[in-house]
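The values are calculated or read from the model by the stated rules, or taken from the named source; none is laboratory data. Everything numeric in this text was worked out from a predicted model, so none of it was measured. Methodologically, a virtual Cβ is constructed for each residue, glycine included, from the backbone with ideal geometry; neighbour enumeration extends over all protein chains shown.
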Amino acid sequence: MKKKGFTLVELLAVIAILAILVIIALPNVMGMFNTAKQNSFNTEVKEIYKTAQQAWIMKNMSGAASTVIYERKNGTYTGDSLDLTGRTQLDFKIVFDSAGNVTDYRATDGTFYYSYHNDSGIKVEDIGASGKGFTGKWADTSLPTCKNGESYATCTHDTLLDAGSFYLK
């Protein structure tokens, strides 16, 4: 009488086939996951832009227009603050000129970053668009350092290091 069941060779063949399928599929799944995270970051950066724009309008409705800077580092605002909901780990700096144009915008969540400077103004459509500032991923998980060696938290300079990194002032 024959026993019912699978032989060891048959089980090993099935495991080998499954392993090959996982090896083929994993990079695609991880790529989709990273793309989704970057798209989420771009959406949040756009929402912060819109919230800052509304706050600038409300602030300048009754008086003379002025330059306004909204900046948050490590969850703490310096100067004017925004009423934001959602992730609180986004650090950003948005500079409005007296005409209400955003001339400088930088944001990071420690993994992804966005940086763009344009004296004539940045539009929300520019965020994440090709050739309209840097949107990308850090080479490692640590925040960048300043050109003169200062740490990210104490950096006082306001320039881009290169296309792959920036820091908030």
Does ALA55 fit the bill of being surrounded by 13 or more Cβ atoms within 10 Å (Cβ to Cβ), assigned to a helix (DSSP H, G or I), small (Gly, Ala, Ser) and modelled with pLDDT of 80 or more? yes
Restricting to the stretch 107-123, count the residues that are surrounded by 12 or more Cβ atoms within 10 Å (Cβ to Cβ), of a type outside the set (Phe, Trp, Tyr) and either assigned to a strand (DSSP E or B) or touching a His at 6+ places or on another chain (Cβ under 6 Å) (or both). 7
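Out of ASP126, ASP83, ASP104, report the one residue that is loosely packed, with under 13 Cβ neighbours inside 10 Å, charged (D, E, K, R) and either out of contact with any Phe, Trp or Tyr (no Cβ under 7 Å at 6 or more places or on another chain) or free of Cβ contacts under 8 Å to residues at least 40 places away in the same chain (or both). Give the steps one after another, and end with the answer.
Values: ASP126 fails: loosely packed, with under 13 Cβ neighbours inside 10 Å; ASP104 fails: loosely packed, with under 13 Cβ neighbours inside 10 Å.
Sole residue among the options that is loosely packed, with under 13 Cβ neighbours inside 10 Å, charged (D, E, K, R) and either out of contact with any Phe, Trp or Tyr (no Cβ under 7 Å at 6 or more places or on another chain) or free of Cβ contacts under 8 Å to residues at least 40 places away in the same chain (or both): ASP83.
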Out of THR156, THR145, THR135, sole residue that is over 30 Å from PHE33 (Cα atoms) and at pLDDT below 75: THR156
